[in-house]
Amino acid sequence: MKKTQQQKGAQASTEYIIILAAVIVIALIVIGVMGGIPGIGVVGRGKALTSYWKTQPVGIDAYAIAQNGKFVFRIKNNLRTNITLQNIGISLPEQIGGTFNGSESLQPGNSILVYNNQDGLLLGTEKCSEGKTYSYKIIVTYNDENGNIIRETGNDGSISLQGICVGNIHQEHGDSSDGDSDDRNGGKKGGSDD
């Protein structure tokens, strides 16, 4: 049976609409993945960055940065050897804006909470605002078991640490409930200037 001219036109229109719909869906997916539409792709990027920092040899399992410049990081030794954590820096343009300095030994698989407990280490326009997102370059410096100094910089600073700024950080005292981490204040146990 031969198709009528009207049937051929209807079929062509239907095929055109289906192909057009497929092209639009693919374009939206590509734009969303690349972050071209605000709100689409941003959540995925934040999760990818968090996952990146968690899986580094010396990982950042959890973190918070407050509007007053204080921060707390839960650092985990993902290596199979002991390390000594020396420094965590928040890198701002031309300077280190916030820092933890200490000498904290970590056995394989163990974690530690480290704090900077000084107001104003994130200065001027670089401070985050409560409830707003931030993106900072992070530098983690540690010594391996042979004494070599290792710096994790997030692919030379191209991979930042992102999150939502909190109003204040309240430091807790003593050991955490998992038994393998200590709370630290600039490398010293206890104390809070809140």
Just need a number here: residues in segment 25-55 that are in contact with a Lys or Arg (Cβ under 9 Å, 6 or more places away or on another chain) and modelled with pLDDT of 90 or more.
-> 1
Conditions (1) outside any loop (DSSP other than H, G, I, E, B); (2) modelled with pLDDT under 85; (3) over 12 Å from Ile65 (Cβ atoms) -> Tyr142 fails only (2)
Search result, residues across segment 44-63 that are closer than 19 Å to Thr141 by Cβ, within 10 Å of the chain's Cα centre (by Cα) and not aromatic (Phe, Trp, Tyr) = Lys54, Ile60, Asp61
Any chance Ala64 is out of contact with any Leu (no Cβ under 9 Å at 6 or more places or on another chain), in the same structural domain as Thr141 (by TED's automatic domain parsing), modelled with pLDDT of 85 or more and not in a loop (DSSP other than H, G, I, E, B) | yes
Apart from one, (1) more than 27 Å from Asn101 (Cα to Cα); (2) modelled with pLDDT of 90 or more all hold for Gln11; the odd one out is (2)
Looking at Ile150, is it at pLDDT 85 or above, part of a strand (DSSP E or B) and either farther than 17 Å from Phe73 by Cα or touching a Cys at 6+ places or on another chain (Cβ under 8 Å) (or both)?
-> yes
Over segment 120-132, the set of residues at pLDDT below 85 and either on the phi > 0 side of the Ramachandran plot or surrounded by 12 or more Cβ atoms within 10 Å (Cβ to Cβ) (or both) is Gly120, Leu121, Leu122, Leu123, Gly124, Glu126, Lys127, Cys128
Can you tell me which residue in segment 64-90 is nearest to the chain's Cα centre (by Cα), limited to those that are surrounded by fewer than 19 Cβ atoms within 10 Å (Cβ to Cβ) and closer than 20 Å to Thr153 by Cβ?
-> Arg74
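The values are calculated or read from the model by the stated rules, or taken from the named source; none is laboratory data. Only a predicted model underlies this, so the values are computations on that prediction, with no experimental measurement involved. When we count neighbours, we look across all protein chains shown, and the Cβ atoms used for this are built from the backbone with ideal geometry, even at glycine.
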